[in-house]
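Here is the structure we will look at.
The values are calculated or read from the model by the stated rules, or taken from the named source; none is laboratory data. The shown structure was predicted, so the numbers you read here are calculated from the model rather than taken from an experiment. Here the Cβ is made from the backbone with ideal geometry for all residues, glycine too, and neighbour counts use every protein chain on show. Surface areas here come from the heavy atoms of the whole protein model, side chains and all, with no ligands, DNA or RNA. Shrake-Rupley method; radii C 1.70, N 1.55, O 1.52, S 1.80 Å.
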Amino acid sequence: MIERHQIHYLNNWFKQKKRKPIILRGARQVGKSTLVKNFCKKNNLVLHEINFEITTLQTLKNLEGLDIDLVVKEIEVKTKHTIDSSKSVVFFDEIQANAVALQALRYFFESDKNLAVIAAGSLLELTLDDHEYSMPVGRVEYLHMGPLSFFEFLKAHKEEMLWQHLQDKNYKVVAQNSELLEKKLREYYFIGGMPEAVSTSIEQDSFLEVSKVHSAILQTYKSDFAKYKTRIGFDQLSKIFDIIPNA
């Protein structure tokens, strides 16, 4: 399991007496969903996951007459688990597929249930523009995720001691291990920080397999270009994307 530093933020968030729902922001495949699952597993919490790309909640089809109690009951039926605010996390994945659910986050905060609600999604601005909604300002908080940092990369590769010396700025010790550090930095430059690529490098120790993962991720990104069609042509966006490595 690759540990992300954002898990410490979630640990502190869950301990708060009055939690705001958290929206995880970030590009596709940076590990948003995996972070939530690992957080729940590490803290023995029951995960109630609703992926809006494959599941529909009848109680979240419109905001008019929204009843959080009914929403919670439907989630319990869908996930087959009772929701306990002290032991459960409600996770709305791919929330960009349901603009009503995005708007409804404020009502979870305003209810007296104090539920731990996490939402994850990409292209949220497009969802809001298409439905002429605005973000529920003041009723939610945001946590950004990107690819693994170099420090996270070192920890994933079991170089905790080197990582710790860097964190502690023990530069004399770091200098004594400069060859190892340079080797890991070169690997990081090639592998990058996308979690699947890092996991593949650890499990298979093959740059060829890592390259295949890179290609698959790039294709996933290109598949999203059609969602921008009202703002810029698909061909133009593809050309821009293809020349970025040479810029």
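Computed quantities for the displayed model
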quantity: Glu152, sole failed condition from (1) within 19 Å of the chain's Cα centre (by Cα); (2) without any contact (Cβ under 8 Å) to a residue 60 or more places away in the chain; (3) on the phi < 0 side of the Ramachandran plot; calculated: (2)
quantity: Residue selected from the stretch 124-141 under the condition among the β-branched types (Val, Ile, Thr) and either open to solvent by less than 30 Å² (accessible area, probe 1.4 Å) or not in a loop (DSSP other than H, G, I, E, B) (or both), by the criterion modelled with the lowest pLDDT; calculated: Thr127
quantity: Leu154 vs. criteria open to solvent by less than 40 Å² (accessible area, probe 1.4 Å), part of a helix (DSSP H, G or I) and at pLDDT below 90; calculated: no
